[in-house]
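To keep things clear, I will list the structure first and then write my remarks on it.
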Amino acid sequence: MKPNIRVGYGYDVHQLAEGEEFWLGGILVPHTHGAVGHSDADVLIHVICDALLGAANMRDIGYHFADTDPKFKGIDSKILLTEVMNLIREAGYEVGNIDSTICLQRPKVNPHISEMKRVLAEVMEMEVEDVSIKATTTEKLGFVGKEEGVSANATVLIYRNA
């Protein structure tokens, strides 16, 4: 019999630009630059959404929330995450855990991780200890190291709620 668990992976990149708000993990992070995107460009929430949708074989965030649709212009990514959670729960799945990594040279993410975990767990209606967020720099290499962008990835485990 096939186990009732599935794993999904998400990866995303956003350009950083001066004068933009920097939403990350559902919170506003003070910084001179913010992520550019059609929504609020919260790269961490986007990778979690993609990982969840992928695990449930429901395509990706762009399929469900197209960046050509004006109704998603500037939208709070927490709303998108809520919708993704509704989709996977309607399909009979629950989230076991999330493991994510943010790649960002500056600002330092570590002081914000506890609040991000709290916010994301609340939005997804799950326990904080089931949401892992890590952060790393790229040692000044590549577009992240040159502070031109931010990237993130996430792996999720979902299970069929029997």
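The values are calculated or read from the model by the stated rules, or taken from the named source; none is laboratory data. In this text the structure is predicted, and so the values were computed from the model without any measurement. Positions of Cβ are generated from backbone atoms using ideal geometry, with glycine treated the same way; all protein chains shown enter the neighbour counts. The area values use the complete protein model at the heavy-atom level, side chains included, leaving out ligands, DNA and RNA. Shrake-Rupley method; radii C 1.70, N 1.55, O 1.52, S 1.80 Å.
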Interchain or long-range residues, amide H under 5 Å from ASP12's placed H: ALA152
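Please report the orientation-averaged projected area of the chain, defined via the convex hull of its C-alpha atoms, in nm². Don't jump to the answer; show the numbers that get you there.
Values: hull surface 38.0 nm².
Projected area, direction-averaged: 9.5 nm².
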Would you pull out the residues with amide H under 5 Å of SER39's amide H, same chain only if 5 or more places away, H placed 1.01 Å from N? GLY74
Pick from GLY96, GLY26, GLY62: which residue has the top mean-square fluctuation in a GNM of the chain where Cα pairs under 10 Å get a spring? GLY62
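List the pairs from LYS73/LYS117; LYS117/LYS140; LYS78/LYS117; LYS78/LYS108 whose alpha-carbon separation is above 19 Å, in the order I gave them. Write out the running numbers ahead of the final one.
On the way: LYS73/LYS117 25 Å; LYS117/LYS140 26 Å; LYS78/LYS117 13 Å; LYS78/LYS108 22 Å.
Exceeds cut-off: LYS73/LYS117; LYS117/LYS140; LYS78/LYS108.
Could you work out the Kirkwood radius for region 44-96, taking every pair of different alpha carbons, averaging 1/r and inverting it, reported in Å?
Details: mean 1/r = 0.0890 Å⁻¹.
Kirkwood hydrodynamic radius for region 44-96: 11.2 Å.
Of the heavy-atom accessible surface of the chain (probe 1.4 angstrom), what whole percent is carbon and sulfur? Before the final figure, lay out each step's value.
Working: 4200 of 8400 Å².
With neighbouring chains kept in place, the figure for the chain is 50 percent.
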In deg cm²/dmol, rounded to 500, what helix-only [θ] at 222 nm does the chain give when every DSSP H run of at least 4 residues adds -39500 (n - 2.57) and the total is split over its residues? -8500 deg cm²/dmol
With springs only between Cα atoms under 10 Å, which of TYR63, TYR93, TYR11 fluctuates most in a Gaussian network model of the chain? TYR63
For ASN97, residues with placed amide H under 5 Å, excluding near neighbours: LEU157
Take GLU122 and ARG160, extend 7 Å from each Cα along the Cα→Cβ direction, and tell me the distance between the two endpoints in nm. 3.4 nm
Nearest 10 degrees, 0 to 90: what angle lies between the long axis of helix 113-124 and the longest principal axis of the chain (Cα atoms)? 40 degrees
Roughly how far apart, in whole Å, are the Cα centres of region 38-83 and region 128-162? 16 Å
Top of ASP69, ASP99, ASP42 by mean-square fluctuation, Gaussian network on the chain, Cα under 10 Å: ASP69
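Leaving out ligands and nucleic acids, and using a 1.4 Å probe, what accessible area per residue does the chain come to in Å²?
Values: 8400 Å² over 162 residues.
Heavy-atom accessible area per residue stands at 52 Å².
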Degrees, to the nearest 10: 43-55 long Cα axis against longest axis of the chain: 20 degrees
Karplus 3J(HN,Hα) series, Hz, for region 83-100 with 6.51 cos²θ - 1.76 cosθ + 1.60 (x for Gly, Pro): 5, 5, 4, 4, 4, 6, 5, 4, 7, x, 9, 10, 8, x, 6, 10, 10, 9
If each Cα of region 106-162 is one equal point scatterer, what is log10 of I(q)/I(0) from the Debye formula at q = 0.16, 0.19 Å⁻¹? -0.63, -0.80
